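**Q** My structure is below; once you've seen it, I'll send some questions.
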Amino acid sequence: MRLFKAASLISCLVLWGCSGERTTVDYRDLVAPEGLLASAEAREEGAALFLRHCSLCHGERGDGHGARRILSTAAADLTDPLWRQRATPEGVFIAIREGVPRTPMAAWRIFSEEQTWSLVAHVLSLAEDPS
């Protein structure tokens, strides 16, 4: 019964995060808005969105230790400096908007482009200061 409840909760979260049909979007010209990634305001907005929508899987600190732990693939540890070295702002933006294939990371198209960039600013800052 406990497994059923957990699976139901996760299904609801995935469906809530996914908005509409999967569409092909051309991200070739995607560039992070200048100055946004270092903006304290963007990072604060991103932190609030992260706590509300992402922390269940990624943990409040982004360390991958969220309450959700029954899926096959662990959530990314966004505080890991090695993860940060490989992550690009545009790549994180696409991962948030489109999800990550063959992982539990769903597409989160409920966020506006501005909100998504704020999430990117916050997420990329986590490896700088994981506290």
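The values are calculated or read from the model by the stated rules, or taken from the named source; none is laboratory data. If you're wondering where the values come from, they're calculated on a predicted model, not measured in any experiment. All Cβ positions, even for glycine, are placed from backbone atoms using ideal geometry, and neighbour counts span all protein chains on display. Surface accessibility is based on the protein's heavy atoms, side chains included, excluding ligands, DNA and RNA. Shrake-Rupley method; radii C 1.70, N 1.55, O 1.52, S 1.80 Å.
**Q** Residue under question is Arg68, and the condition is that it be part of a loop (DSSP other than H, G, I, E, B), modelled with pLDDT under 90 and crowded, with 16+ Cβ neighbours inside 10 Å; does it hold?
**A** yes
**Q** Which count do you get for residues in the stretch 85-116 that are outside any loop (DSSP other than H, G, I, E, B) and either in contact with a Cys (Cβ under 7 Å, 6 or more places away or on another chain) or surrounded by 17 or more Cβ atoms within 10 Å (Cβ to Cβ) (or both)?
**A** Selection size over the stretch 85-116: 10.
**Q** Additional query: Within the stretch 122-131, how many residues turn out to be surrounded by fewer than 20 Cβ atoms within 10 Å (Cβ to Cβ) and either under 16 Å from Trp83 (Cα atoms) or at pLDDT 95 or above (or both)?
**A** First pass over the stretch 122-131, keeping only residues surrounded by fewer than 20 Cβ atoms within 10 Å (Cβ to Cβ): 127-131.
Cutting the leftovers down to either under 16 Å from Trp83 (Cα atoms) or at pLDDT 95 or above (or both) gives us 127-130.
Final tally of qualifying residues: 4.
**Q** Look at Pro81 and say whether it is over 13 Å from the mean Cα position of the chain (by Cα) and either of a type in the set (D, E, K, R) or more than 21 Å from Asp29 (Cα to Cα) (or both).
**A** yes
**Q** Can we say Leu51 is open to solvent by 60 Å² or more (accessible area, probe 1.4 Å), at pLDDT below 95 and either in contact with a strand residue (DSSP E or B) (Cβ under 9 Å, 6 or more places away or on another chain) or not charged (D, E, K, R) (or both)?
**A** Here the answer is no, as Leu51 does not meet what is asked.
**Q** Could you please let me know if Leu119 is over 19 Å from Val31 (Cα atoms), open to solvent by less than 20 Å² (accessible area, probe 1.4 Å), within 13 Å of the chain's Cα centre (by Cα) and touching a residue at least 24 places away in the same chain (Cβ under 8 Å)?
**A** No: the conditions fail for Leu119.
**Q** Shifting gears a bit: Being at pLDDT 90 or above, open to solvent by 30 Å² or more (accessible area, probe 1.4 Å), out of contact with any Asp or Glu (no Cβ under 7 Å at 6 or more places or on another chain) and assigned to a loop (DSSP other than H, G, I, E, B): is that true of Leu37 here?
**A** yes
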